Every structure is written in C-alpha cells, then in structure tokens.
Amino acid sequence: MDFRALFMGLSFALIWSSAFSSARIIVAYAPPLGSLSLRFFVSGLIGVALARMLGQSWHLTRNQWISVVVFGVCQNALYLGLNFVAMQSIEASLASIIASTMPLIVALLGWLVFREKLTPMATIGLLVGVLGASLIMGSRLSGGVDVYGVILCVIAAFALAVATLAVRTASGGGNLLMIVGLQMFVGAGVLGVFSAILEDHTVILNWQLTAAFIYTTLAPGLLATWIWFALVARIGAVRAATFHFLNPFFGVAVAAVLLGEKLGPVDIFGVVIITVGILLVQLSKQRPS
C-alpha cells in the first residue's frame, strides 16, 4: 500500500471539505462575493509568484487558456461564488453535501451529453447517490430550509461538473501552478464586478473573519490544490478522484465540530448513502492493473 498517497488523499479531502465551514464564518461578517474576490486575488498573486519562482511560464497553449477561462468562470466565480452567497442562509454541512454530489453529476452528464457508457457498478452508484441526496433534500425542505440557498448550491454543483467535462484534456502541457494562479485572477475579476454592482460592502472586522480568510486563502485555495496535483501525478487522476467520496463525511464532520451544526438521523443516513454512491461511481472507472 502507498501510505504516502493515502496520507495525501486524506489530507486533500479534509482540507477541501473544511472550506465550507470557513466560508460560513466569512459570510457572517463580510459580503460573500467581495470577500471571495479578494481571496482569489491574493491566492492568484501567491500562485503566480510561486510558479515564476519554479520557472513556469504564462505563455500557455490554446487548450490551457481554455482551462484558465472555463475553470476561472465556472469553478471560481459560479461554483464558489454561488456557494458563498447560499451560505448566508443555509448551513455549511448542507452546502458541502450538495457540492459533494459533483462526481455523480459528472457521471450523469457524461452519459446524457457525451453518450459515455456507464458500467453496471456506475449505474448503481449513480442511483444510490441520487437516493441519498433526495433523502437529505426531502428532510431539509420539510424542516424549513431556505429553498433559494439550496437552488444556488445545486446550480453551483452543475457549473463545476460542466467545467470538469469541458476541460478534461485542456490542462496538459505543464505550467499547472501558473494555470491555477491565472484561474484565480479570472474568478477575482468576475466576482469583483458583481460585488461592486450588487453588494453592500459593510465588513465586521474581527479575529474570526481574519483567521477564516487566511485559512481559506492558504489551505483550500493553494495547499489543497498543490496536494491534488501532486496526488494525481503520483497515482493518476482516476485513483485520486476516489478520495472525493470522503467529502460528504468530512464536510458534515467539520461543520459539526467547528460550527456546532446539528445533524439528524436522516442526514447521517443520507451522507452514508451518497458516500457509497460516489465510491461506486469512482471505482467503476478503475481498470485492473
């Protein structure tokens, strides 16, 4: 067993999932789009500077520029922007659960749009994941959750799935850290425009906001991205993607510990079902060596 890869995968899943709880803290004290735009700008500066120090170039290929624009808009602006806005009215645990269904959405859209064949295991995993999400949504909606916030999170998950399918082969050719940094500048620019038009820029400056902003910028923003690319280089994209099945569990666990969010039996059961569904979909892509 590759224990280093296992440690890297667990670290990535934990850091990535914790971003929802830190975002929930940020939007309690600052405008969501403005704070996220600033976070992307700072992360972009750090990412591009590190890339230049490593000798990477910003003279990218056409496919790499497609990756920069599509992911910058769909992942950074739409996916994270909509999640930040949604978490003004819904809990971080619910946002993380909805976001964790992204691998299921990718498999579904791949089948519907690109006519990609689903193995029996992938089909079962997709159905199981949909069942788990339906259980949680039904329970939360009957309990009076903000429907507008849920809709924003669902749109965000689909936006990231579309971006993932659109640029599956657009990031080849090296300069990965440079691409990540430039994607963040794209997200910062798009969100900055919408923030200037739509938001009240009142900020309650305190240690909670400062700590959450620094953590979100450095850990999920840069460290998790670096771990992910290192993990993919070590074990391949398909095997690395299997660690995404931990995101529902880690997302609700961090929210419960850090924010004190409570989970009902239906929520816990739904998280387990979604986790199994994602695992089945990802394992169906594995090829025996």
With a point put 7 Å past each Cα toward its Cβ, work out how far ILE124 is from ILE204 in nm, to one decimal.
4.9 nm
Between the modelled labels at ILE268 and LEU50 (7 Å from Cα along Cα→Cβ) the distance in nm is 3.7 nm
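Among MET184, MET8, MET121, what is the fewest-to-most ranking by other Cβ atoms within 10 Å?
Values: MET184 30, MET8 19, MET121 16.
Final ranking by Cβ density, sparse to dense: MET121, MET8, MET184.
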Rounded to two decimal places and with Rh computed the Kirkwood way over Cα pairs, what is Rg over Rh for segment 38-121?
1.08
Stokes-Einstein D (µm²/s) once Rh is taken as the Kirkwood radius of segment 1-69 over alpha-carbon pairs, at 25 °C in 0.890 mPa s:
162 µm²/s
Quickly estimate the mean residue ellipticity at 222 nm for the chain, helices only: each DSSP H run with n ≥ 4 gives -39500 (n - 2.57), and the total goes over all residues, rounded to 500.
-24000 deg cm²/dmol
When the chain is modelled as a GNM with alpha-carbon springs shorter than 10 Å, which of PHE20, PHE229, PHE40 fluctuates the most?
PHE229
Give the order of LEU78, LEU205, LEU165, LEU14 when sorted by the count of other beta carbons within 10 angstrom, beginning with the fewest.
LEU205, LEU165, LEU14, LEU78
Work out the charge dipole of the chain with +1 on the Cβ of Lys and Arg and -1 on the Cβ of Asp and Glu about the Cα centre, then indicate which of LEU45, GLN282, PHE269 is farthest towards its positive end.
GLN282
Between ILE151 and ILE214, what's the calculated FRET efficiency when r is the beta-carbon distance and R0 is 51 Å? Round to 0.05.
0.95
Going by Cα centres, segment 15-44 and segment 175-248 are how many Å apart?
9 Å
Tail beyond 27 Å, pair distance distribution of the chain (Cα, percent):
38 percent
Among LEU33, LEU109, LEU141, whose mean-square fluctuation peaks in a Gaussian network model of the chain (Cα, cutoff 10 Å)?
LEU141
Per-residue Cβ contact counts at 10 Å, fewest first, order SER37, SER11 as SER11, SER37
Computed from the beta carbon distance with a Förster radius of 22 Å, FRET efficiency for TRP58 and TRP226 to the nearest 0.05 stands at 0.75
Please identify the longest segment of the chain free of exposed trypsin sites (Lys or Arg not before Pro), where exposed means a DSSP state other than H, G, I, E or B and no more than 10 other Cβ atoms within 10 Å.
118-261
For the chain, with only Lys/Arg (+1) and Asp/Glu (-1) charged at the beta-carbon, what is the dipole magnitude about the Cα centre, in debye rounded to 20?
860 debye
Pulled fully out, how much extra length does the chain show between GLN88 and LEU109, if you take 0.36 nm times their separation in residues and subtract their Cα-Cα distance?
4.7 nm
Can you tell me which of VAL106, VAL276, VAL193 moves the most in a GNM of the chain? Springs connect C-alpha atoms under 10 Å apart.
VAL193
Which length gain, in nm to one decimal place, applies between ILE197 and TRP65 when the Cα-Cα distance is subtracted from 0.36 nm times their residue separation?
44.8 nm
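Just so you know, all these numbers are worked out from the coordinates, no wet-lab data involved. Source: prediction; values computed, not measured. As a convention, Cβ positions derive from the backbone with ideal geometry for all residues, glycine included, and neighbour counts pool all protein chains shown.
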